[in-house]
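Written below as structure tokens is the structure these notes are about.
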Amino acid sequence: MLLSLYNKYKPFYRDNLVLAVPIVVSQLGHTLVNMADSIIVGHFAGTTQLAAVSLVNSIFMLILVIGLGISYGLTPLIAQEFGRRNPEECGKLLSNSIIINFSTSVILYLFIHLGTLSVIDNIGQSPEVVAYAKPYLTYLGLSIIPLMIFQTFKQFAEGLGFTKQAMFISIWGNVLNVVLGIIFVKGMFGISPMGVKGVGLSTLIDRSVMALVMGAYVMRSQHFKIYLRGFRLFFIDKVRTVRILKIGAPVAMQYAFEISAFSGAAILIGTIGAVHQAAHQVSINLAAVTYMLASGIASAATIKTGNNFGQKSYENLRKSAIASYHVVIVFMSITAIVFVLGNTILPLIYTTDKAVIAIAAQLLIIAGFFQLFDGTQVVGLGVLRGIGDVNIPTLITFVAYWIIGIPLGYFLGITMQLGVNGIWYGLTIGLLTASLLLFLRFQNKTRGLIARI
């Protein structure tokens, strides 16, 4: 039975993986920046500053995914126009996306600078942790501007099937981030030790370089010449802006509902103590790595779905989507086993604090259980995005995380005094809910498309 199933979907496994692997690596780059920051600070600056990284990342990840979600509005539209063989429209969409993404990045930066930095004093966190967190958040806030420029060109190239270049740029960008982070945090080559602030500065430099390189590649490469005929730097119109935002804004909300749930969990855990908050940072950082890998598979599913939708090839659309589900289930099953078996070893990557390791080891077992749900829900979102179905999935994510996940986590963790484990149990139930409801939505939509033929 398994062999016949494999043979049925074999061509789709191959096509999806060829497209997905480079996207997975480049998507992973966003999380590896946070991972590198956590590792460097955990080893060279101590537990209190690692707790500051946890606090800042819980806030900044919400800002980051809103920006990423807006930028993702371009990819399915490019994929659909590619499927319709309409290259000039691709350039016009890019023009509008640059203006939308730059404007969004400025608004997000101002939100951090004018709002979050003042609110952070009043959310029940340790004053020492807050003191370290503020300068780190300032640098990360600035980095959202070059990151959104990078995303614009990355999503354009990936929508046309060019995925390897962003992968290589992300790899070298992360190398630069690690090297500069160590230099700034420790204080080398005549530079005074900067502590956690140093990893913020290295991230800002890294993302600025990546934006310049990715933009230069797209604008100068012969691969994109035909698709840039309609491109004008300051060209924007209402119709295309609405098309991009009708997908990008709900996608941003989808990511915001999920990530804000985990951010809310981090703040709840911060009221328990700095050691628990540091352990949460270690565990959620490892889970975020596997999530971004699954998100890369989902992005490839969006592109393939968009191509097939543009060509009105609905049978292939459904088979390709199911193949993506199979791939993410296999991958997340492997990571679940790694988390459970390596629960006492993996935290050593970040810290040698025995108290932090003991709590993180418990959380990694819970993370192992929610791997499948996390992977299948993000692939479900990716497939539905490819056909332009974003509004109902957005409602599903809100219900799953904010009506079910966070309230249940608060009840179990704070009211029932199960602590950080109880908060994570609530998040796991939220992920399960999202996974099931999105799969049912996928089944209904794709079967409906096929029935029209």
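Using a 7 Å offset from Cα along Cα-Cβ at I99, what residues in segment 233-277 end up with backbone N under 15 Å from the label point? Label zone hits: 233-245.
Here the gap between N444 and I171, fully extended at 0.36 nm per residue and compared with their Cα-Cα distance, gives a gain of 94.4 nm. Lys-Lys pairs in segment 179-294 that are eight or more residues apart or on separate chains and whose Cα atoms lie under 28 Å of each other come to 4. What separates the Cα centres of segment 426-453 and segment 230-275 is a distance of 21 Å.
The N391 and I183 beta-carbon pair, evaluated with R₀ = 60 Å, returns a calculated FRET efficiency of approximately 0.80. Computed from the Cβ-Cβ distance with R0 of 25 Å, the FRET efficiency linking T344 to F411 stands at 0.30. If you take Rg and Dmax of the Cα atoms in Å from the coordinates, which of (1) 21.3, 69; (2) 23.8, 70; (3) 22.9, 93 do you get? Read-out from the structure maps to (1). Using the 1.4 Å probe convention, the accessible area of the chain works out to 39 Å² per residue with neighbouring protein chains retained. For the pair segment 322-378 and segment 293-317, the centres of their Cα atoms are 27 angstrom apart. Rg/Rh for segment 338-420: what does it come to with C-alpha atoms and Rh from Kirkwood? So for segment 338-420, dividing Rg by the Kirkwood Rh gives 1.09.
Surface composition of segment 298-373: carbon and sulfur atoms hold 70% of the protein heavy-atom accessible area at a 1.4 Å probe. Rounded to whole numbers, the Karplus 3J(HN,Hα) couplings from phi for segment 80-93 are 5, 5, 5, x, 8, 6, 10, x, 5, 5, 4, x, 5, 5 Hz, using 6.51 cos²θ - 1.76 cosθ + 1.60 with θ = phi - 60°, and x at Gly and Pro.
Here the gap between L17 and S313, fully extended at 0.36 nm per residue and compared with their Cα-Cα distance, gives a gain of 104.6 nm. Restricting segment 155-243 to chymotrypsin sites (Phe, Trp or Tyr not before Pro) that sit in a DSSP loop and have at most 16 other Cβ atoms within 10 Å of their own Cβ leaves F189, F234, F235.
Over the chain, DSSP H runs of length four or greater, each weighted -39,500 (n - 2.57), average out per residue to a 222 nm ellipticity of -28500 deg cm²/dmol. What fraction, in whole percent, of alpha-carbon pairs in segment 145-209 exceed 13 Å separation? Tail of the P(r) past 13 Å holds 65 percent of the pairs. Panel values: segment 202-250, Kirkwood radius from alpha carbon pairs, Stokes-Einstein at 20 °C and 1.002 mPa s, translational diffusion coefficient 161 µm²/s. Model label points for V289 and R85, set 7 angstrom from Cα along the Cα-to-Cβ axis, are 4.5 nm apart.
The values are calculated or read from the model by the stated rules, or taken from the named source; none is laboratory data. Keep in mind it's a predicted model, so treat the numbers as computed, not measured. Neighbour counts are summed over all protein chains in view; Cβ atoms, including those assigned to glycine, are modelled from backbone coordinates with ideal geometry. The protein model used for the area step is the full one, side chains on, heavy atoms only, and it has no ligands, DNA or RNA in it. Shrake-Rupley method; radii C 1.70, N 1.55, O 1.52, S 1.80 Å.
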